[in-house]
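Student: Before I ask anything, let me first share the structure, which is written out below as structure tokens.
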Number of protein chains: 2
Amino acid sequence: MDVAIVGGTHLTIRGERLGIVDDGALGITDGTITYVGPANALDEAAADRVVDAEGCAVTPGLVDAHAHTSLALLRGTAQDVPEIEWMRRTLGPFAAAMDDEDRVVGCRLGVLEAVASGVTTICEYASDVSTLVEEVYGPLGVRVVATETVNEVATGHIGDTGDPDDTGDPDDTGDPDDPDDTGDPDDPYPLDTSKGDEAVERAESLFDAYADAPLVEPAFGPQALDMVHPDRLEHLHERAGERDAKLHVHVAQGEREARQVAARYGGRSTVEVLEELGVVDDRLVAAHLHGASPDERRRLADAGVAMVGCPSSIAAIDGIVPPVVEYREAGGTVGLGTDQAPGPGGHDLPRELRTAALLSKTDAGDPTAFPAWSALRAGTVGGAAALGLDVGRLAVGAPADVAVFEPGVGAAPFLREPIHTAVPNLVYGAPRARDVLVAGAFVVRNGSFVDADPAGAVVAAVDRASDVLSAAEGDWRDAGSALVDAVDDGWL
Amino acid sequence: MDVAIVGGTHLTIRGERLGIVDDGALGITDGTITYVGPANALDEAAADRVVDAEGCAVTPGLVDAHAHTSLALLRGTAQDVPEIEWMRRTLGPFAAAMDDEDRVVGCRLGVLEAVASGVTTICEYASDVSTLVEEVYGPLGVRVVATETVNEVATGHIGDTGDPDDTGDPDDTGDPDDPDDTGDPDDPYPLDTSKGDEAVERAESLFDAYADAPLVEPAFGPQALDMVHPDRLEHLHERAGERDAKLHVHVAQGEREARQVAARYGGRSTVEVLEELGVVDDRLVAAHLHGASPDERRRLADAGVAMVGCPSSIAAIDGIVPPVVEYREAGGTVGLGTDQAPGPGGHDLPRELRTAALLSKTDAGDPTAFPAWSALRAGTVGGAAALGLDVGRLAVGAPADVAVFEPGVGAAPFLREPIHTAVPNLVYGAPRARDVLVAGAFVVRNGSFVDADPAGAVVAAVDRASDVLSAAEGDWRDAGSALVDAVDDGWL
């Protein structure tokens with residue numbers, strides 16, 4: 001046995017509940033969990049290394065089921081603006097100025113934030129995702145669902161970050177009532193097949209490149225129904241079946257997508273078209289879904305489609321609460337994601353559980369909505385199930401992705417009787433992880449990264465972001481936005 | 001000059017905006033700010049101690065304008081239940097089992113959490129608040145608005161924590177439609193004048209005891225209109241005027257208060273009665289206000305009443321978003337508070353700013369609602385103005401209450417041009433403070449408490465809380481609640 005984690009409250013997330021074991025222990029051998037149970041039945045002496053988790057909570061590593069971490073480089077450049085301005089007029093001009101190394105530096109910042117919070121798996125949704133895998137995930141030893149973005153909207157017509165509200169026309173404010181708006185949101189964007197071909201080639205190559213990489217799981221990422229040809233979507237769905245991979249799509253993100261889809265498909269909705277294309281099944285991972293109807297969401301849940309909700313992001317960008325409670329009640333699988341740092345703030349998943357719970361309660365006007373235990377399941381086994389991975393629970397034979405949380409002054413006390421207070425206190429107290437292991441290897445130990453330099457990552461990010469913002473400042477000012485106004489008004 | 005804090009982005013919160021100074025510096029002498037301005041105009045060599053804040057954000061210490069920190073001992077024992085059960089059937093039985101030392105241990109836990117997050121002033125609302133001042137605030141050197149709770153509801157009729165939904169009848173479920181409900185929410189609770197007299201005596205004695213204590217500001221805390229005699233409220237308002245102190249009242253907390261007030265005052269609302277009693281002016285600090293009408297809130301704002309919103313608490317307990325945006329738009333002074341740890345989670349104020357912003361956006365369906373800069377003002381000068389203190393800004397002559405935030409991987413990058421990203425990144429990234437000074441004295445230095453033992457505070461809290469929960473378990477089970485059911489169902 002390589003590692004034994006001994007003592008504390010183990011939230012194994014096995015079974016239908018949280019699988020709580022008091023005075024628990026984990027045994028780990030060759031990256032796999034080989035013992036789960038009471039500490040007094042484990043022979044500690046047989047372990048090369050013993051982690052004392054007395055007084056702590058031990059959980060599966062958390063799963064961030066939808067993230068664009070490169071954008072962490074631009075944290076603070078896009079928030080507090082009308083939804084219609086968020087991509088085109090605030091984030092877009094800066095994102096367009098990022099090069100490959102900028103994206104790597106941003107990704108490193110975001111992934112380090114995630115891992116420090118207890119995350120061990122990130123679904124990274126990006127164009128040229130293999131660069132991020134090679135430069136960040138691989139060296140850090142963090143599990144990644146490498147999802148190559150496939151977006152066929154002709155270059156110049158939509159940002160690479162893929163905002164459905166961006167028609168690509170620099171004069172298009174996106175507001176149909178704006179007299180200066182020369183774009184027509186009901187006119188389908190032109191699509192460029194060769195762009196899609198190249199992206200699919202990159203996506204396919206991931207499966208060969210990482211066939212033997214235990215921490216990398218490739219997936220297909222046709223960005224959204226309005227951004228790819230229907231036959232592209234059908235083809236990728238078929239390939240996902242052949243590859244036994246997931247098809248991860250932004251679904252029903254809002255008004256502009258709805259109008260584009262209506263224009264392209266004779267007035268039908270995104271979900272209706274996806275159903276007709278035959279891609280609605282348990283391979284499909286649907287991010288967001290706030291633009292679908294309750295009946296459509298029920299149909300997706302019935303068909304086995306997994307939903308990923310990103311509460312901070314959708315709250316900050318759209319002023320909307322993702323329908324995670326409704327989707328769970330419909331029997332659907334729900335994971336949680338952090339989306340991107342500019343807008344909501346970052347990739348801290350315990351904080352996202354807290355945010356999901358509070359937003360769900362106020363949205364429903366019901367303090368019992370999305371209780372702590374549902375949040376913990378969504379942030380572990382829910383996200384893992386959505387992504388098709390056998391992580392998110394502590395079970396013999398599963399990969400040893402583990403987080404150990406010390407309560408600290410912000411989450412104490414962790415008690416056993418009559419309530420396991422670690423359950424609500426992990427969610428509402430949202431402490432950072434003390435130890436994080438991926439496949440049995442320590443990534444964080446005693447609150448410090450084992451083999452990463454967070455201070456250096458910050459310095460690099462400041463340096464790179466300064467250059468990006470300088471280079472793009474003119475375009476950003478020309479685009480005009482509430483954020484430019486706020487800066488000019490002396491607010492920030 | 002005792003201390004110079006040199007470099008970084010200084011958010012001084014002077015003037016109408018955030019008073020941003022790039023490459024700023026602070027000079028501190030005898031606990032008072034003696035220099036605010038560019039670093040290159042300060043003679044560092046004249047300082048006994050120089051703090052390097054290069055790359056950091058320097059802000060006024062944050063102000064938690066409404067907190068019951070003793071309840072941090074019970075963190076995790078009351079959440080995810082219907083509002084009507086929160087106090088009576090979940091928190092209440094445990095709170096009733098706490099003794100003075102339990103309250104001190106809980107307070108220490110909560111105050112340490114607050115200070116680690118960058119808070120330098122807490123409005124502590126408690127019965128026998130001087131014990132907390134003596135045992136916790138004084139030794140830690142944290143500024144406190146010591147607000148003695150005055151509650152005249154006859155003992156046995158309402159919890160000391162003062163939930164307006166608690167009629168004190170153990171068989172009263174609080175649900176008027178419940179056939180087993182023997183209590184009548186429209187029957188005024190009996191009031192006990194002698195209980196009020198004792199509390200007022202404690203309140204008055206604070207002013208003498210702390211007349212020369214620069215970190216202690218006493219205030220009067222008549223708990224709520226339905227919990228004191230009207231002449232008590234008038235008297236305390238008069239005393240507040242004579243003492244130049246604040247009158248801090250829970251106002252319009254919800255349905256039960258509204259019905260009690262209607263029964264007692266001929267069908268009138270809380271705000272109407274407060275107006276008739278003549279206590280609506282700039283001495284009044286009104287916590288919550290979600291049960292008032294928009295017109296009533298406008299009237300309060302016009303009269304100079306300050307509002308304190310507690311977003312996490314009211315979201316978690318009631319499923320309601322506090323009307324902070326509306327109150328600001330009406331021209332009212334708004335501070336933010338954390339209320340208590342069981343329910344929302346804790347006393348981390350940067351996180352509360354984030355929560356306030358996201359909840360306000362989804363409540364309004366408007367991503368521009370409560371932008372980062374408004375949150376920062378509410379968390380600093382807004383709270384200070386509400387409490388009548390000259391803190392919450394970095395200005396020459398003001399007390400040197402200061403927080404220094406290093407961005408870390410969760411809030412970087414802090415940039416200068418073209419956007420001061422520290423503004424959104426402090427709010428949405430919500431980092432912990434690296435250094436915290438109160439009246440020029442370090443309470444936190446380089447991420448560690450100077451003269452406090454957080455690990456010991458956690459151990460003490462676990463120990464004390466275990467005993468309290470054991471002692472009260474029977475009463476808690478007998479009360480019955482959704483949380484008891486969840487425990488019995490194996491969820492936590």
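The values are calculated or read from the model by the stated rules, or taken from the named source; none is laboratory data. This is a predicted model, so every value here is computed, not measured. FYI the Cβ positions are ideal-geometry reconstructions off the backbone, even for glycines, and counts take in every protein chain you see. Each accessible area value is taken on the protein alone, full model and side chains, heavy atoms only, with ligands, DNA and RNA left out. Shrake-Rupley method; radii C 1.70, N 1.55, O 1.52, S 1.80 Å.
Student: Is there any pair linking a residue in the range B:471-492 that is at the interface with chain A (Cβ under 7 Å from one of its Cβ atoms) and in a loop (DSSP other than H, G, I, E, B) to one that is open to solvent by 50 Å² or more (accessible area, probe 1.4 Å) and of a type outside the set (Gly, Ala, Ser), with Cβ under 6 Å and at least six apart or on different chains, and which?
Tutor: Here the result reads B:Gly490/A:Arg17; B:Trp491/A:Arg17, each pair linking the range B:471-492 to a residue that is open to solvent by 50 Å² or more (accessible area, probe 1.4 Å) and of a type outside the set (Gly, Ala, Ser).
Student: What is the number of the single condition among (1) in contact with a strand residue (DSSP E or B) (Cβ under 8 Å, 6 or more places away or on another chain); (2) at pLDDT below 85; (3) open to solvent by 40 Å² or more (accessible area, probe 1.4 Å) that B:Asp192 does not meet?
Tutor: Tallying (1) in contact with a strand residue (DSSP E or B) (Cβ under 8 Å, 6 or more places away or on another chain); (2) at pLDDT below 85; (3) open to solvent by 40 Å² or more (accessible area, probe 1.4 Å), B:Asp192 fails exactly one: (2).
Student: Here's a follow-up. Among the residues of the range B:8-20, is any surrounded by fewer than 24 Cβ atoms within 10 Å (Cβ to Cβ) and within 27 Å of B:Glu135 (Cα to Cα)?
Tutor: no
Student: Counting only residues that are charged (D, E, K, R) and within 25 Å of the chain's Cα centre (by Cα), which one in the range A:8-22 is nearest to the other protein chains (Cβ to nearest Cβ)?
Tutor: A:Arg17
Student: Condition first: under 21 Å from A:Pro311 (Cβ atoms) and either free of Cβ contacts under 8 Å to residues at least 12 places away in the same chain or within 12 Å of another protein chain (Cβ to nearest Cβ) (or both). Can you find one or more residues in the range B:379-394 that meet it?
Tutor: no
Student: Does any residue of the range B:480-487 turn out to be touching a Ser or Thr at 6+ places or on another chain (Cβ under 6 Å), over 30 Å from A:Arg108 (Cβ atoms) and crowded, with 22+ Cβ neighbours inside 10 Å?
Tutor: yes
Student: Here are A:Arg328, A:Arg354: which of them is assigned to a helix (DSSP H, G or I), buried (at least 24 other Cβ atoms within 10 Å of the Cβ), among the charged types (D, E, K, R) and at pLDDT 95 or above? It would help to see each step written out before you state the result.
Tutor: Values: A:Arg328 fails: buried (at least 24 other Cβ atoms within 10 Å of the Cβ).
Step by step, each of A:Arg328, A:Arg354 is checked, and only A:Arg354 is assigned to a helix (DSSP H, G or I), buried (at least 24 other Cβ atoms within 10 Å of the Cβ), among the charged types (D, E, K, R) and at pLDDT 95 or above.
Student: Another question, if that's okay. Can you tell me how many residues within the range A:292-332 are within 11 Å of chain B (Cβ to nearest Cβ) and of a type in the set (Asp, Glu)? Spell out how you get there, then give the answer.
Tutor: Taking the range A:292-332 and keeping what is within 11 Å of chain B (Cβ to nearest Cβ), we get A:311-322.
Now narrow it down to the ones that are of a type in the set (Asp, Glu): A:318.
Selection size over the range A:292-332: 1.
Student: Looking at B:Gly92 and the list (1) touching a strand residue (DSSP E or B) at 6+ places or on another chain (Cβ under 9 Å); (2) under 28 Å from A:Thr362 (Cα atoms), which single condition is not satisfied?
Tutor: Looking at each condition in turn, B:Gly92 falls short on (1).
Student: So which residues in the range A:340-351 are open to solvent by less than 10 Å² (accessible area, probe 1.4 Å) and either within 12 Å of A:Ala375 (Cα to Cα) or not in a loop (DSSP other than H, G, I, E, B) (or both), if there are any at all?
Tutor: Selection gives A:Leu349, A:Pro350.
Student: Another question about this same structure. What's the total number of residues in the range A:448-464 that are at the interface with chain B (Cβ under 7 Å from one of its Cβ atoms) and touching an Asp or Glu at 6+ places or on another chain (Cβ under 8 Å)?
Tutor: Number of matching residues: 0.
Student: Something else: Which members of the range B:251-269 meet the condition of being open to solvent by 10 Å² or more (accessible area, probe 1.4 Å), modelled with pLDDT of 95 or more and under 25 Å from B:Glu329 (Cβ atoms)?
Tutor: B:Ser269 - this is the single residue of the range B:251-269 that is open to solvent by 10 Å² or more (accessible area, probe 1.4 Å), modelled with pLDDT of 95 or more and under 25 Å from B:Glu329 (Cβ atoms).
Student: Could you identify the single residue in B:Pro179, B:Pro139 that is over 25 Å from B:Arg268 (Cβ atoms) and at pLDDT below 85?
Tutor: Exactly one of B:Pro179, B:Pro139 is over 25 Å from B:Arg268 (Cβ atoms) and at pLDDT below 85, namely B:Pro179.
Student: Regarding the range B:67-76, can at least one residue be identified that is within 12 Å of another protein chain (Cβ to nearest Cβ), touching a strand residue (DSSP E or B) at 6+ places or on another chain (Cβ under 8 Å), modelled with pLDDT of 95 or more and surrounded by 23 or more Cβ atoms within 10 Å (Cβ to Cβ)?
Tutor: Yes, the range B:67-76 has at least one match.
Student: Would you check which residues across the range A:38-66 are within 14 Å of another protein chain (Cβ to nearest Cβ) and open to solvent by less than 10 Å² (accessible area, probe 1.4 Å) and list them?
Tutor: A:Cys56, A:Ala57, A:Thr59, A:Asp64
Student: Read through the list (1) at the interface with another protein chain (Cβ under 10 Å from one of its Cβ atoms); (2) touching a residue at least 60 places away in the same chain (Cβ under 8 Å); (3) open to solvent by less than 10 Å² (accessible area, probe 1.4 Å); (4) under 16 Å from the mean Cα position of the chain (by Cα), then give the number of the only condition that A:Gly335 fails.
Tutor: (1)
Student: What residue, of B:Val216, B:Val271, B:Val228, is touching a strand residue (DSSP E or B) at 6+ places or on another chain (Cβ under 9 Å) and closer than 16 Å to B:Ala292 by Cα?
Tutor: Of the residues listed, the single one that is touching a strand residue (DSSP E or B) at 6+ places or on another chain (Cβ under 9 Å) and closer than 16 Å to B:Ala292 by Cα is B:Val271.
Student: Here's another thing I want to ask about it. Any residue at all in the range A:402-413 that's in contact (Cβ under 8 Å) with a residue 40 or more places away in the chain, at positive phi and surrounded by fewer than 24 Cβ atoms within 10 Å (Cβ to Cβ)?
Tutor: Among the residues of the range A:402-413, not one is in contact (Cβ under 8 Å) with a residue 40 or more places away in the chain, at positive phi and surrounded by fewer than 24 Cβ atoms within 10 Å (Cβ to Cβ), which makes the answer no.
Student: Follow-up. Of all residues in the range A:363-374 being crowded, with 24+ Cβ neighbours inside 10 Å and farther than 25 Å from A:Gly19 by Cβ, which is nearest to the other protein chains (Cβ to nearest Cβ)?
Tutor: Per the criteria, the residue is A:Pro367.
Student: Enumerate the pairs (first residue in the range B:454-466 and among the aliphatic types (A, V, I, L, M); second residue anywhere and surrounded by fewer than 21 Cβ atoms within 10 Å (Cβ to Cβ) and modelled with pLDDT under 95) with beta-carbon separation below 7 Å, excluding pairs fewer than 6 apart on the same chain, so at least 6 apart or on different chains.
Tutor: Close Cβ pairs (under 7 Å, with a partner that is surrounded by fewer than 21 Cβ atoms within 10 Å (Cβ to Cβ) and modelled with pLDDT under 95) do not exist here.
Student: Mind listing just one residue for me: the one in the range B:273-291 that is more than 18 Å from B:Glu242 (Cβ to Cβ) and out of contact with any Leu (no Cβ under 7 Å at 6 or more places or on another chain) and, of those, most open to solvent (accessible area, probe 1.4 Å)?
Tutor: Result: B:Glu276.
Student: Which residue pairs have Cβ atoms closer than 7 Å, lie 6 or more positions apart in sequence or on different chains, and pair a first residue in the range B:318-329 that is on the phi > 0 side of the Ramachandran plot and in the same structural domain as B:Pro82 (by TED's automatic domain parsing) with a second residue that is small (Gly, Ala, Ser) and assigned to a helix (DSSP H, G or I)?
Tutor: That search, which allows pairs on different chains as well, returns B:Gly319/A:Ala364.
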